[in-house]
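What follows is a single structure, written as structure tokens, with notes after it.
Rule-based calculations on the coordinates, nothing more; no lab input. Quantities reported herein were computed from a predicted structural model and do not represent experimental measurements. Here the Cβ positions follow ideal geometry from the backbone for every residue, glycine too, while neighbour counts run over all protein chains shown.
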Amino acid sequence: MVGVIGDPVRYSLSPLLHNAAFDALGLDWVSVAFPVPAGAVTDALAGMRAFGIVGLSVTMPHKHDAALGVDECTDVAARLGVVNCITRKAGRLVGDSTDGAGFVESLRRGAGFDPAGRKCLVVGAGGAARAVVMALADGGADEVVVVNRTGVRAAEAAALAGGAGRVGSTADISGAELVVQATSVGMAGIDRSGDGGISVPFDPALLHAGQLVADLVYHPAVTPLLAAAEAAGAQTVGGLGMLVHQAALAVERWTQQTAPVDAMWAAAKRSTPTG
Ligand code: NAP
């Protein structure tokens, strides 16, 4: 058995993705959603040990607490200070962060884009943006510019890219080869901004042909920003690929088998509105 812990977790697509993978692999495994309230990660991990659960995906608000509660962290998880994937190995709980690697894989599979030597720009500096910034730098990006509403968080995120990272402004967007929208702006039915629900975090007129524009938001699959980017002639990648590929990496850590990514993609597309 594997599962996902979060609060709320009812709408998580993780069990669906994991179970699609197990079906395709012919494994008699099951993934379930465990609602775990904030502050109760230690209890959840004790349950994981007691019940012999092989793996857990970790979603909000537990990613930081999970990094403190596991027996060891991978290098990526330790540098980010968060864990989104826990694997039980010889009785020890190993925490990893697969969001960034899943994102880079989604660029490779979705657009044939490799960050090595490229000029990248990330709008946003929250948990998802930080994972993306670090993964792009680890992937050899020439530059990773971070643009965020709150400057101090932009500086913290840019530092994760080491020498390739710097804080920028929207004036840098036109010069980037890859533009990543990593804020929560554009999520269907959710207004976390407090500003009445804006649908794009910057002026899409800054985008142009020759750029790749990625949006981490996957509900809807085509966000207002991606629609505008396509209209401007840019290539686009939606956020569903990151979700699928981080789940695929988790399945590989748990089962030691190659994840059936196509089956996971098909399951994700069946459950996600396109507009
Ligand atoms: P988070 O930690 O809460 O960070 C939110 C970010 O959005 C911050 O940088 C925040 O800026 C910015 N922001 C919020 N409202 C804004 C506004 N009105 N204008 C400009 N910036 C605004 O969230 P997160 O966990 O990083 O998630 C960000 C998005 O990525 C969410 O939509 C989430 O669903 C998505 N996501 C997708 C995947 C995937 O697999 N595709 C994985 C993880 C997350 P401040 O710092 O100024 O507050």
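For segment 100-238, build the convex hull from the C-alpha positions and give me its volume per residue in Å³.
93 Å³
Principal semi-axes of the equivalent ellipsoid, √(5λ) from the alpha carbon gyration tensor of segment 20-167, are 30, 19, 13 Å from largest down.
Based on DSSP H segments of at least four residues, each scored -39500 (n - 2.57), the chain has a per-residue ellipticity at 222 nm of -11000 deg cm²/dmol. Stretching Ala209 away from Arg10 to a fully extended chain increases their span by 67.7 nm, per 0.36 nm per residue minus the current alpha-carbon distance. The alpha-carbon atoms of segment 122-190 define a convex hull whose volume equals 87 cubic angstrom per residue. Per the Cα gyration tensor, segment 16-83 maps to an equivalent ellipsoid with semi-axes of 23, 15, 12 Å, ordered largest to smallest.
Available extension along the chain between His64 and Ala266 is 69.7 nm, counting 0.36 nm per residue and deducting the alpha carbon span. Expressed as a fraction of 2.2 N^0.38 Å, the C-alpha radius of gyration for the chain is 0.97.
Fewest-first ordering of Thr258, Thr272, Thr59 by other beta carbons within 10 Å of each residue's beta carbon gives Thr258, Thr272, Thr59. The Cβ shell under 15 Å around Ala116 holds other residues with a net charge of -3, Lys and Arg each +1, Asp and Glu each -1. With Cα atoms as the point set, the radius of gyration and Dmax of segment 62-130 evaluate to 14.0, 42 Å.
Between Val104, Thr59, Val32, the Cα set farthest toward the positive side of the dipole of the chain (charges on each charged residue's Cβ, about the Cα centre) is that of Val32.
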